[in-house]
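Novice: Would you mind keeping the following structure in view while I ask a few things?
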Amino acid sequence: MTAPLPPIELGPRDLSAYRAGNTGIDYVHRFASGRPGPHVLVNALTHGNEFCGMVAATHLLDNEVRPRIGTLTVSFANVEAYATFDPDRPFASRQLVHNLNRVWSDELLDGSQDSPELRRARALRPVVAAADHILDLHSTSEDVEPFWVYPGYARNAEVALAIGRPAVHLVMPSGLGSGTPVIQHGRHGEHGGTAGAALVAECGQHFKRASGELAVDVTLDVLAHFGLIEPRPPVRQPQRRFELLRTYVIQTPDYRFTRPVKGFETFAAGELIATDGEVEIRAPEDCTILMPAREPIVGKEGVYIARALPD
């Protein structure tokens, strides 16, 4: 049974005025200060129905936020999917064919497959590769506490902990496990080298006004952290960190959870979390689940299984 549709407090706006940009790539805007400093990419709309990033990106552009040092790039990613939004089917515009946040491997980007998302990723490839630091703004289908997602490198944790919001962190020690996201493209997916921080901020439920407000705050926090804008007051609150243990990808249309879930539920070691046809998905240890699928779609993530990390 499909869950009822959530109310839509935050919806799309016309982005045509932002199409031209100034980089030769549609919907990509770059501002160089002329002074030494890091290059920060703020990326919105990796998924077409996650409007919080659009709010943050348009805030930067509408308010003419410009870097004091370094370079700021603002991009709107899957605008083609965004343009298909239908309030009667608000989850359908997440993507058109491919999940734009799973195709950032060289194998797919250099391969023979074609889709709107792959064409867009190929166009954005130099934009992502040029950035020292990446903030990719997302939201969640369920109304749960906002959280960071990032590969388990010290450079990512340092930034997220310094900023202080969101207060929850999902750390990926071995990657996402179901494809290559934007924040793991190229050098940002490597342990060492010259990469800076690359973070996803899940800012709240897709269609809540508060998710857009948080996206603006987190974006300004990140820019201030790297010195691109004036310092902002630090956010001091307890932090909770989780380590991703497993990403389960749905195999059959019969995928079902054993009880109603929306995220952050806990399961004891060995407890049955979900079934997928004849397959049982059990807790490998005492664990917490995140991002449970709202409906069973074969080939898409069913659940993220994580362990709490000590303070």
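Residues checked against (1) part of a strand (DSSP E or B); (2) in the same structural domain as Gly204 (by TED's automatic domain parsing); (3) on the phi > 0 side of the Ramachandran plot:
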position: Ala3; (1), (2), (3): no, no, no
position: Arg35; (1), (2), (3): no, yes, no
position: Val40; (1), (2), (3): yes, yes, no
position: Thr46; (1), (2), (3): no, yes, no
position: Arg66; (1), (2), (3): no, yes, no
position: Ile69; (1), (2), (3): no, yes, no
position: Ala81; (1), (2), (3): no, yes, no
position: Leu96; (1), (2), (3): no, yes, no
position: Asn101; (1), (2), (3): no, yes, no
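Novice: Can I ask one more? Residues that are modelled with pLDDT of 95 or more, not charged (D, E, K, R) and not assigned by TED's automatic domain parsing to the domain that holds Glu202: list the strands (runs of 3 or more DSSP E) wholly contained in the stretch 266-311 that include at least 3 such residues.
Specialist: The qualifying strands (runs of 3 or more DSSP E) are 272-276, 287-290, 301-308.
Novice: Quick check on my filter: what residues within the stretch 35-74 are more than 19 Å from the chain's Cα centre (by Cα) and of a type in the set (Ser, Thr, Tyr)?
Specialist: The one that is more than 19 Å from the chain's Cα centre (by Cα) and of a type in the set (Ser, Thr, Tyr): Thr71.
Novice: Which condition from (1) at positive phi; (2) within 16 Å of the chain's Cα centre (by Cα) is the one that Gly164 breaks?
Specialist: (2)
Novice: Could you check, for the stretch 194-202, whether at least one of its residues is loosely packed, with under 14 Cβ neighbours inside 10 Å and assigned by TED's automatic domain parsing to the domain that holds Arg94?
Specialist: So in the stretch 194-202, the residues loosely packed, with under 14 Cβ neighbours inside 10 Å come out as 194.
Those still in the list that are assigned by TED's automatic domain parsing to the domain that holds Arg94 too: 194.
Scanning the stretch 194-202, I find at least one residue that is loosely packed, with under 14 Cβ neighbours inside 10 Å and assigned by TED's automatic domain parsing to the domain that holds Arg94, so the answer is yes.
Novice: For the stretch 122-146, which residues satisfy the criterion of being closer than 30 Å to Glu265 by Cα and part of a loop (DSSP other than H, G, I, E, B)? Full working, then the answer.
Specialist: Quick first cut of the stretch 122-146, residues closer than 30 Å to Glu265 by Cα only: 134-146.
Across the stretch 122-146, the qualifying residues are Ser141, Glu142, Asp143, Val144, Glu145, Pro146.
Novice: Go through the stretch 250-260 and give me each residue that's surrounded by fewer than 17 Cβ atoms within 10 Å (Cβ to Cβ) and either among the hydrophobic types (A, V, I, L, M, F, W, C) or in a strand (DSSP E or B) (or both).
Specialist: To start, the set of residues in the stretch 250-260 that are surrounded by fewer than 17 Cβ atoms within 10 Å (Cβ to Cβ) comprises 251-254, 256, 258-260.
Hit for the stretch 250-260 is Arg256, nothing else.
Novice: Turning to a different aspect of this structure: Confirm whether Gly212 is part of a helix (DSSP H, G or I) and either surrounded by 23 or more Cβ atoms within 10 Å (Cβ to Cβ) or in contact with a His (Cβ under 8 Å, 6 or more places away or on another chain) (or both). Please lay out each step first, then the result.
Specialist: On the way: part of a helix (DSSP H, G or I): yes; either surrounded by 23 or more Cβ atoms within 10 Å (Cβ to Cβ) or in contact with a His (Cβ under 8 Å, 6 or more places away or on another chain) (or both): yes.
Against the criterion (part of a helix (DSSP H, G or I) and either surrounded by 23 or more Cβ atoms within 10 Å (Cβ to Cβ) or in contact with a His (Cβ under 8 Å, 6 or more places away or on another chain) (or both)), Gly212 qualifies.
Novice: When you look at Val235, is it β-branched (Val, Ile, Thr), assigned by TED's automatic domain parsing to the domain that holds Trp104 and surrounded by 14 or more Cβ atoms within 10 Å (Cβ to Cβ), yes or no?
Specialist: Details: β-branched (Val, Ile, Thr): yes; assigned by TED's automatic domain parsing to the domain that holds Trp104: no; surrounded by 14 or more Cβ atoms within 10 Å (Cβ to Cβ): yes.
No; evaluated as a whole, the condition is false for this residue.
Novice: Residue pairs, Cβ under 7 Å, 6 or more apart or interchain, first in the stretch 10-24 and outside any loop (DSSP other than H, G, I, E, B), second among the hydroxyl-bearing types (Ser, Thr, Tyr). List them.
Specialist: Correct list of pairs: Tyr18/Tyr27.
The values are calculated or read from the model by the stated rules, or taken from the named source; none is laboratory data. The shown structure was predicted, so the numbers you read here are calculated from the model rather than taken from an experiment. Cβ coordinates were reconstructed from backbone atoms using ideal geometry, including for glycine residues, and neighbour counts include every protein chain displayed.
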